[in-house]
Amino acid sequence: MHVDLLAGTAYNPSTMPTPVPTILVFDSGLGGLTVFTEVLKARPDARFIYAADDAGFPYGRLSEEALAARVLMVMDRLIAVHDPEFVVVACNTASTLVLPYLRARFPIPFVGTVPAIKPAAQLTRSKRITVLATPGTVARDYTRDLIETYAAGCAVNLVGSSRLAGFAEAELAGIPVSDEDLFSELEPCFVEDRDGRTDVVALACTHYPLLLERMKRLAPWPVAWIDPAPAIARRVVQLIGPPVPGHEVDEGEATIVFTEGRDLNPSLRAALYDKGLPIIALEPLPLLQT
Ligand code: DGL
């Protein structure tokens, strides 16, 4: 099977034990909410668990060994406790490394989020694209392979930011960073030479679309920004089918799990409400740091 933007395994909806699936959306933090919002729109009837492994955040700084061990350990716990029928790994840093291990370990389907290099290469006219990601995603063999396969005719500028995901978390909690700080992370995305300049920026970390409006305002020139969340939601529907009529789930059944079990400030609670998580059931899941 040919899979490019989204990594997914073929899945037969008729094998699902219940008509309304429980979907686990997983990230190191709150970036996966950009994906959760789109999947919620596509399957408003589903039961959702959103898991933020904030005890391990940010994943972008972890070695590949540490990250693989961490994600498998957290996923073991989440799957044992919540028994999802379907998992969306809404994290590029994790997906570009651990999807094969997850699929080998658990007998349920996983959809991942990987850098949108093929769509970026199709969209660019200048043949100069930027992939803005975490340092971990930028260093992956998986990312290099995508570039070789789909963007061989383009100059690909890989930008690994160690601060942007944290900025996005702060923004959501009502503590926005300064334009100067944001711009310093953004500036390397914009490259110009004699023959042209960057015209597409692929947001290859699910946190970054949370900052998109500010990034657009700070950009030195207009570019096309690619947020893969709508495509991931389409992929989920492709794999598990459209909403089941007559199975609407009450608003507020969605559960958000933080592995650190921290308290949320009122701004963050309000932001989660706006993102489709009106009732927050904090469920501390303390795990050893790797
Ligand atoms: N949201 C994650 C991603 O898509 C990464 C943030 C982190 O470094 O933990 O890559």
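If you check Phe167, Phe183 for being open to solvent by 50 Å² or more (accessible area, probe 1.4 Å) and assigned to a helix (DSSP H, G or I), only one passes: Phe183.
Suppose the filter is open to solvent by less than 20 Å² (accessible area, probe 1.4 Å), under 30 Å from Lys275 (Cα atoms) and assigned to a helix (DSSP H, G or I); does Ala121 pass it? Taking the combined requirement at face value, the residue does not satisfy it.
Yes/no per residue for (1) within 14 Å of the ligand (Cβ to nearest atom); (2) among the hydroxyl-bearing types (Ser, Thr, Tyr); (3) more than 30 Å from Ala151 (Cα to Cα):
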position: Ser28; (1), (2), (3): yes, yes, no
position: Gly31; (1), (2), (3): yes, no, no
position: Arg43; (1), (2), (3): no, no, yes
position: Phe48; (1), (2), (3): no, no, yes
position: Asp54; (1), (2), (3): yes, no, yes
position: Glu85; (1), (2), (3): no, no, yes
position: Thr96; (1), (2), (3): yes, yes, no
position: Leu102; (1), (2), (3): no, no, no
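Between Glu253, Glu192, Glu260, Glu213, the distinction of being open to solvent by 60 Å² or more (accessible area, probe 1.4 Å) and in contact with a Pro (Cβ under 8 Å, 6 or more places away or on another chain) belongs to Glu260 only.
Restricting attention to region 216-234 and to residues that are open to solvent by 30 Å² or more (accessible area, probe 1.4 Å) and within 18 Å of Val111 (Cβ to Cβ), the residue that is nearest to the ligand (Cβ to nearest atom) turns out to be Asp227. All of (1) part of a loop (DSSP other than H, G, I, E, B); (2) closer than 30 Å to Ala80 by Cβ; (3) within 12 Å of the ligand (Cβ to nearest atom); (4) not aliphatic (A, V, I, L, M) hold for Ser162 with one exception: (2).
Whenever a residue of region 219-247 is farther than 19 Å from Pro21 by Cβ, its partners that are in a helix (DSSP H, G or I) and polar (S, T, N, Q), lying with C-beta atoms within less than 8 angstrom and at least six residues away or across chains, give the pairs Asp227/Thr34.
The values are calculated or read from the model by the stated rules, or taken from the named source; none is laboratory data. The structure displayed is predicted, hence computed values, not measured ones. No Cβ is skipped: glycine too gets one built from the backbone with ideal geometry, and neighbour counts run over all protein chains shown. These accessible areas exclude ligands, DNA and RNA; they are computed on the full protein's heavy atoms, side chains included. Shrake-Rupley method; radii C 1.70, N 1.55, O 1.52, S 1.80 Å.
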